[in-house]
Amino acid sequence: MSCATIYRTEFPSLKGDDVVGEATRRMLTSFVTDLPVVDDDGRLIGILKLERLLASLLPKGALIGFGMDDLRFVSDSLDHLRKQMRAVADTPVRQLMVKAEHVVHPDTSPVEIVLLLYRGASNVPVVEPDTNRLVGMVSARDVLSALQQ
């Protein structure tokens, strides 16, 4: 059995030149935390993860090594975070995206996908093996939905 019965073929994606403000709107309207980034031919070039977006709002000292636990010296208001968000809104997603840690193919077995999700993957791109063209996304929610049918 392949993962074809599990993964979604309709999903939001981004281009590298799309900006963070648009990406966050897509995350919110699609109820996702990770968005695949593709080139003009639909090939996967990276993933914009919510954690990277959140990291762009934090002081650099909080991100080095284990980071600082005490951030009381930093403004902690929601208004300050909104200002930080506006500051990165026009940043191309290419600057915040990361390489996909895991990808699967349409013929990957459901058990292999469950194992990836169990080990911490959250949203896994499904790509054609020869071209790296993005054909789907699979998440733990997709697997649970498939198991309930």
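Which of the residues that make up region 77-98 are over 15 Å from the mean Cα position of the chain (by Cα) and part of a loop (DSSP other than H, G, I, E, B)?
Once the filter is applied, which keeps residues that are over 15 Å from the mean Cα position of the chain (by Cα) and part of a loop (DSSP other than H, G, I, E, B), region 77-98 yields S77, A89, D90, T91.
When you check R119 against the structure, is it under 19 Å from P12 (Cβ atoms) and basic (K, R), yes or no? Reasoning before the result, please.
Numbers: under 19 Å from P12 (Cβ atoms): no; basic (K, R): yes.
For R119, the condition - under 19 Å from P12 (Cβ atoms) and basic (K, R) - is not met.
If I6 passes every condition in (1) under 14 Å from the mean Cα position of the chain (by Cα); (2) at pLDDT below 95 but one, which one does it miss?
Failing condition for I6: (1).
What are the pairs with Cβ atoms under 6 angstrom where one residue, in region 22-45, is in contact (Cβ under 8 Å) with a residue 40 or more places away in the chain and the other, located anywhere, is of a type in the set (K, R) and assigned to a strand (DSSP E or B)? Sequence gap at least six, or different chains.
D34/K49; G42/R133; R43/R133
Name every residue in region 107-128 that is over 15 Å from I45 (Cα atoms) and either of a type in the set (V, I, T) or touching a Phe, Trp or Tyr at 6+ places or on another chain (Cβ under 8 Å) (or both), in order of residue number.
Residues satisfying the conditions are T108, V111, I113, V114.
Go over the candidates E112, E101 one by one and state the one that is modelled with pLDDT of 90 or more, charged (D, E, K, R) and in a loop (DSSP other than H, G, I, E, B). Break it down stepwise before answering.
Details: E112 fails: in a loop (DSSP other than H, G, I, E, B).
Just one listed residue meets the conditions, E101.
Give region 14-37 a look and list any residue that's buried (at least 17 other Cβ atoms within 10 Å of the Cβ) and of a type in the set (S, T, N, Q), or say none.
Once the filter is applied, which keeps residues that are buried (at least 17 other Cβ atoms within 10 Å of the Cβ) and of a type in the set (S, T, N, Q), region 14-37 yields only T24.
The values are calculated or read from the model by the stated rules, or taken from the named source; none is laboratory data. Quick caveat: nothing in here was measured; it's all calculated off a predicted structure. Note that we place each Cβ from the backbone using ideal geometry, even for glycine, and neighbour counts take in every protein chain shown.
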